[in-house]
Structures are given as C-alpha cells and as structure tokens.
1. Where the second residue is assigned to a loop (DSSP other than H, G, I, E, B) and among the charged types (D, E, K, R) and the first is within 16 Å of ILE139 (Cβ to Cβ) and lies in the stretch 162-186, which pairs have Cβ atoms under 7 Å and are six or more apart or on separate chains?
2. Output the number of residues of the stretch 156-194 satisfying the condition of being open to solvent by less than 90 Å² (accessible area, probe 1.4 Å), within 16 Å of ligand 1 (Cβ to nearest atom) and either over 17 Å from the mean Cα position of the chain (by Cα) or aliphatic (A, V, I, L, M) (or both).
3. For the stretch 60-82, check the following and say yes or no: at least one residue is within 16 Å of the chain's Cα centre (by Cα), buried (at least 20 other Cβ atoms within 10 Å of the Cβ) and away from ligand 2 (no atom under 16 Å from the Cβ).
4. Mind telling me which of the residues LEU10, LEU54 ends up being modelled with pLDDT of 95 or more and not in a strand (DSSP E or B)?
5. Can you tell me which residues in the stretch 103-137 are open to solvent by 70 Å² or more (accessible area, probe 1.4 Å) and either in contact with a Pro (Cβ under 6 Å, 6 or more places away or on another chain) or of a type in the set (Asp, Glu) (or both)?
6. Please tell me if ILE25 is away from ligand 1 (no atom under 16 Å from the Cβ) and open to solvent by 10 Å² or more (accessible area, probe 1.4 Å).
7. Out of (1) out of contact with any Lys or Arg (no Cβ under 7 Å at 6 or more places or on another chain); (2) open to solvent by 10 Å² or more (accessible area, probe 1.4 Å); (3) within 15 Å of ligand 2 (Cβ to nearest atom); (4) farther than 19 Å from LEU145 by Cβ, the odd one out for ASN37 is which?
8. Taking THR15 and the conditions (1) outside any helix (DSSP H, G or I); (2) at pLDDT 95 or above, which numbered condition does it fall short on, given that it satisfies the others?
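The values are calculated or read from the model by the stated rules, or taken from the named source; none is laboratory data. Predicted model, so just to flag it, every value in this text is computed and none were measured. Glycine gets a Cβ as well: all are built from the backbone with ideal geometry, and neighbour counts include every protein chain shown. Only protein heavy atoms, including side chains, enter the accessible area calculation; ligands, DNA and RNA are left aside. Shrake-Rupley method; radii C 1.70, N 1.55, O 1.52, S 1.80 Å.
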Amino acid sequence: MFHNERQHFLKKNKTMEITSAEFVISNTDVKKCPAGNFPEYAFIGRSNVGKSSLINMLTGRKALAMTSSTPGKTMLINHFFINQNWYIVDLPGYGYAQRGQKGLAQIKRIIEDYILNREQMTNLFLLIDSRLSPQLIDIEFMEWLGENDIPFSIVFTKTDKLKGGQLGNKIKGYLAKLQEQWEELPPYFITSADNRLGRKEILDYIEHINREIK
Ligand code: GTP
Ligand code: MG
C-alpha cells in the first residue's frame, strides 16, 4: 500500500515551524468542508483517546482544539488551517456508548462519509491509547480502512502514563497483534500530549508527504 512506501525518509534536525494555525469551520457534512486543494491530515480514534490534545500539542496552541476529560467532546468535523498550506482535521471519536444507538450511528455516518469522500484527505492518524491491550473496535476500524484503501498511520497516545519498560511491552504487543492480520505494518508514532513526545516525528512525516505530493 502506498502509505507504507512513504515512511522511509531522511531524518532532519529541524522540526517544521507552525507559523499559523487557524480554526476554519466545524460541520457534519463533508460537502461543507473548506474548498481548495490543500492536503488534509485527519485525526481519529475512540472518544477520549487524546485526538484534540494531540492536535494542540502538534500545533503548539493550547486551546486550538477543544479537549475534555469527559468523552464525546468533539462532535463535528473541525478544520484547522496550518501555515496557510495544509489542514489538520479533528474528527469525532467513535465508540462512545453513552451517546446511544442513534448518536453512535450518526457519528459513524459523519466519520465514514468524510473518510470515504474527502479527496483532500491525505493521511489518517489513528490514535490508540498506549495503555490498553488491542481493542476490537480499533482492530475492526483498521480492517475497514484497509478494505477501503485509506492511507493511515497509528499514533500511540498518553505514553507519559506508562513506565519505560511497560510502554515497550505494550507497543510490542500491539504490533504483534497487527502482524497477525497485516502483511506490512503501517507507520506508527509514540506520543504524549503532556511531554510532547513524538511531535517532531509526526510533523516531519507530514512535511515529507506535503513535499512529495506538491
Ligand atoms: P473526544 O473529542 O471526546 O473524542 O476525545 P479526544 O480524543 O479529543 O480526547 P481529548 O484530547 O479531549 O483528551 C481526553 C482526556 O485525555 C483529557 O482529559 C486530556 O487531558 C487527556 N489526555 C490527552 N492526551 C493525553 C496525554 O498524552 N497524556 C495524558 N496524561 N493525558 C492526556
Ligand atoms: Mg476531541
């Protein structure tokens, strides 16, 4: 798959600077997403996994995306224009049972509609809580991405909550589980919104893809 071919590139010393990060629009309809042909990087994962926090960490803006300790905070497709040149998209979390059947179905529709129909969507970052063992809902979501040829990478979040040895084991275990299903592993990133681990790696990755598709 082409996203796996993209992960090999030279390490650079300097991280891309985020000179501007502006909220543009929130909506539930992919047709109302911003016009123009800028590449988009969307962040997805279960409710409360840390999508909005990661976006704030990456952009270096404390409250660009709204975060909350209560799951289900982000309900809409949120576009943030970065350096006047590419977008970050904060998506609603999936699998938050307290939304009820109707709410869950609605969120599912919003997410699937965006992912399948938004041509500018260049890479999906799928966030996984590094503390948990592989969850069926995430594994099935990845299968769905694979079936639909959606390029994605994995972002392990909240690693500050694990000790070094524990973290290594969790990641190893997760990748082993993926290897049962995938011929080749997607690129993955080890992050913390608290101590900014993984910021450079993700921004380098985005910058690399941006250059490649120019
Ligand atoms: P929804 O919008 O509800 O889908 O959630 P989300 O995935 O956007 O999660 P959000 O960024 O709002 O974070 C959820 C909670 O986890 C908040 O209390 C954050 O402070 C906390 N959190 C997020 N990332 C980290 C992290 O890297 N480390 C720690 N310790 N806490 C984190
Ligand atoms: Mg959120």
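1. Every condition considered, the pairs that remain are LYS170/ARG131.
2. Number satisfying all stated conditions: 8.
3. yes
4. Working: LEU10 fails: modelled with pLDDT of 95 or more.
Exactly one residue qualifies, and that residue is LEU54.
5. Hit for the stretch 103-137 is GLU119, nothing else.
6. So ILE25 fits the description; yes.
7. All conditions are met except number (3).
8. (2)
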